[in-house]
Amino acid sequence: MVRQKRAVRTRAAVVRTTAAEIDLKGYDGTSLSSVSKTAGMSMGALTYHFPSKNDLADAVWQAGQSLLAEAVDRVAANPAPPLLRVIELSLVIADLMENETTVRAAVRLSWEARSPYPWTDCWLPEVRRLLDEAHRMGQLDQDSPVEDLAVLVQHLVDGTAACLRARPGTQRERLSAGAQLERLWALALSGVAETSTHGITLPLPKP
């Protein structure tokens, strides 16, 4: 039992170390030797738990997806109106991306096509389900197609991930990723045009 607990702790520590490496350097920039050195363990001990870099990346992916799946389940169980839950889910994901290295690493693995499936597959179906429910309940404008709104949510969350990726590691923004996303949601919900300009149609005429 003691040995099993030690093995679980060791694997968890290695996953955290690998996630930090992937988050910083990507899959191609991460090596077994760098993980071994950073984790302070021999190559033999490392490969005993994870025989290959692919095994390490898979473990990081699963750890990140597990946190995202837990967030989806929590929000799904919330009795709040569905549109509010869509917003809540996006904010929770933004917080996870900002504070959980395994989630950021999982996103990067997905962007680099090193994951079994896109990282959005974990939460975007729930967004669509909630938007469908919001539409049935009359929470959405009839001129706002559910699929277009789902794309909007995806772009907001993916944009947040991209901003976090571009943020220098030594610089902390005045607002957290969640707070910035919340402000964008306020704009999206209220609109940015004055009442007198609501007749604008897209695409705009070329100059």
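The values are calculated or read from the model by the stated rules, or taken from the named source; none is laboratory data. As the structure is a computational prediction, the values presented were derived from the model and not from experiment. Here the Cβ is made from the backbone with ideal geometry for all residues, glycine too, and neighbour counts use every protein chain on show. The accessibility values were calculated without ligands, DNA or RNA, using every heavy atom of the protein model including side chains. Shrake-Rupley method; radii C 1.70, N 1.55, O 1.52, S 1.80 Å.
Please enumerate the residues belonging to segment 51-70 that are crowded, with 20+ Cβ neighbours inside 10 Å and over 16 Å from CYS122 (Cα atoms). Within segment 51-70, LEU56, ALA57 meet the criteria.
Can you give me the number of residues within segment 119-132 that are touching a Pro at 6+ places or on another chain (Cβ under 9 Å) and surrounded by fewer than 17 Cβ atoms within 10 Å (Cβ to Cβ)?
In the first step, residues of segment 119-132 are kept if they are touching a Pro at 6+ places or on another chain (Cβ under 9 Å); the result is 124, 129-132.
Pick out the ones that are also surrounded by fewer than 17 Cβ atoms within 10 Å (Cβ to Cβ) and you get 129, 132.
Of the residues in that region, 2 qualify.
Note on segment 103-118: residues that are outside any loop (DSSP other than H, G, I, E, B) and either open to solvent by 20 Å² or more (accessible area, probe 1.4 Å) or in contact with a Pro (Cβ under 6 Å, 6 or more places away or on another chain) (or both) amount to 4. Being open to solvent by 70 Å² or more (accessible area, probe 1.4 Å) and either modelled with pLDDT of 95 or more or farther than 25 Å from ASN99 by Cβ (or both): is that true of TYR27 here? No; evaluated as a whole, the condition is false for this residue. Against the numbered list (1) touching a Lys or Arg at 6+ places or on another chain (Cβ under 8 Å); (2) within 23 Å of ALA162 (Cβ to Cβ), ASN78 comes up short only at (2).
Of all residues in segment 71-87, none satisfies the criterion of being open to solvent by less than 10 Å² (accessible area, probe 1.4 Å) and in a loop (DSSP other than H, G, I, E, B).
Residue by residue, here is whether (1) out of contact with any strand residue (DSSP E or B) (no Cβ under 6 Å at 6 or more places or on another chain); (2) at pLDDT below 95; (3) within 20 Å of LYS25 (Cα to Cα) holds:
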position	(1), (2), (3)
LEU89	yes, no, no
VAL92	yes, no, no
ALA105	yes, no, yes
GLN142	yes, yes, no
CYS163	yes, yes, yes
PRO168	yes, yes, yes
LEU181	yes, yes, no
